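> Once you've had a glance at the structure underneath, I'll fire off some questions.
Every number in this text was worked out from the coordinates using simple rules, so none of it is lab data. Note that the coordinates shown come from a computational prediction; the quantities given were computed from them, not determined experimentally. Note that each Cβ is placed from the backbone with ideal geometry, even for glycine, and that neighbours are counted across all protein chains shown.
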Amino acid sequence: MLIKVPRGWELPESAATPERLYLNRRALLGGMAAGSLLALGACDQAPPEPRSTDLAGAASGSSDAAVVDPSLKYYPAAKNPAYADAGRPVTAETLTSTYNNFYEFGTHKQVWSEAQALKIRPWQVKIDGMVEEEQLLDIDALFAKMPFEERIYRHRCVEAWSMVVPWTGFPLAKLVELAKPLSGAKYLRMETFMNPRMARGQQQSWYPWPYVEGLTMAEATHELAFLVTGVYGKPAAPQFGAPIRLHVPWKYGFKSVKSIVRFTFTESRPRSFWEELGPSEYGFWANVNPEVPHPRWSQASEEQLGGERIPTVIYNGYGEQVADLYKGLEGEALYM
Ligand SMILES: Nc1nc2c(c(=O)[nH]1)N[C@H]1C(S)=C(S)[C@@H](COP(=O)(O)O)O[C@H]1N2
Ligand SMILES: [Mo]
């Protein structure tokens, strides 16, 4: 469903912040969000709100402001020269941090404020399934083993908006290496945290929580598959999917699962959150392709956050690197 409201990047800077204004808009949006629940899809429009981007304490407001993020020492990370230029300008952080999809905290776009409830320490990550040995790792212990770098990637949401973000993190392949999967493992399943008291969106029982996504082993070990811990040269704010989320830039944004707590190596293809909700609209592969429309809208072009509408490119422009992954799979629904 489409409700025409000004989007965040259409709002003047002066419309930003004041708490009073924010509450009023919240009330307004509350009603809208309820209405839009009728729509199935990663795709309800609502105007964003700006937010403060300093992490650590910012995670839960001023009361925690003294807490120092133990991962600060990894920032800013060395820029990977292969991904220093995405061919489009980097999207302003004020936009990308106030226009998010994070259904655990609500179905509207300005979930950034609700997402501040996400408690990112302590945080543990489980590695299980078809691995030599199951591991339960404290996030900072995991980080200590990983080579941090910065990559600027294009991000294309299935709702036909896009952005360019400097992500910090490490290749997913490095985590796979650490996991020591058995030779029979064919897929990597990734799962978001489950905590309905903290994330009130998870109280909505008609969604198949927790959020799940998956990749083939070939995709998971591909050079482009990236585990994100930070954005714009600092630890990621909660709404970006802190403390660890995926970014696979050649696929629609919903594949890039946030706030991961579990990596499971498996023989069977994982069924994702969106696939579970709407198998006729969302599939396993979800590779970007302008020629294959979503059942309810075209994928031919995209609206850049804060910018012009531009044509969409197959594999979001990463085809040279990833097209080979799909040789021999032409019978599959590769683009939904
Ligand atoms: N756990 C979880 N991961 C998620 C989502 C979500 O709702 N929950 N939304 C997805 C969608 S549809 C997109 S477009 C991106 C949005 O990432 P961003 O908010 O950092 O822009 O996160 C993806 N990962
Ligand atoms: Mo998305």
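> When a/c reaches 1.5 or more, the comparison of a/b and b/c decides; with that in mind, is segment 161-287 rounded, prolate or oblate per its Cα gyration tensor?
Details: a/c = 1.40, a/b = 1.05, b/c = 1.33.
Here segment 161-287 falls in the rounded category.
> Quick one: if you stick a label point 7 Å off each Cα along the C-beta vector at Arg309 and Gln135, how many nm between them?
4.7 nm
> DSSP loop (so not H, G, I, E, B), at most 14 other Cβ within 10 Å: list which chymotrypsin sites (Phe, Trp or Tyr not before Pro) in segment 141-234 pass both filters. It would help to have the intermediate numbers written out before the result.
On the way: sites: Phe143, Phe148, Tyr153, Trp161, Trp167, Tyr187, Phe193, Trp206, Tyr211, Phe226, Tyr232; in loops: Phe148, Phe193, Trp206, Tyr211, Tyr232.
Within segment 141-234, the qualifying chymotrypsin sites (Phe, Trp or Tyr not before Pro) (loop, at most 14 other Cβ atoms within 10 Å) are Trp206.
> For each pair in Lys109/Lys145; Lys145/Lys255; Lys73/Lys327; Lys180/Lys258, compute the distance between the two Cα atoms and list the pairs where it is over 31 Å. If you can, show how the numbers build up before the last one.
Numbers: Lys109/Lys145 34 Å; Lys145/Lys255 25 Å; Lys73/Lys327 41 Å; Lys180/Lys258 23 Å.
Distance filter (> 31 Å) returns Lys109/Lys145; Lys73/Lys327.
> Which aspartates and glutamates have a Cα less than 12 Å from the Cα of Lys186, not counting those fewer than 8 places away in the same chain?
Qualifying aspartates and glutamates at Cα under 12 Å: Glu219, Glu267.
> Hey, rough spin-label estimate for Leu178 and Ser268, points 7 angstrom out along Cα→Cβ, what's it come to in nanometres?
Label at Leu178, label at Ser268, 2.8 nm between them.
> May I pose another question? In segment 215-232, which residues have a backbone nitrogen under 12 Å from the label point lying 7 Å from Arg88's Cα in the Cα-to-Cβ direction?
From segment 215-232, the list is empty.
> While we're here: Once the piece of chain linking Lys327 and Arg197 is laid out straight, how much longer is it, given 0.36 nm per residue of separation minus the C-alpha distance between them?
Details: separation 130, 0.36 × 130 = 46.80 nm, distance 4.42 nm.
That pair, Lys327 and Arg197, stretches by 42.4 nm at full extension.
> Okay, moving on. Mind listing the Cα extents of segment 72-182 along all three principal axes, in Å, largest one first?
41, 35, 29
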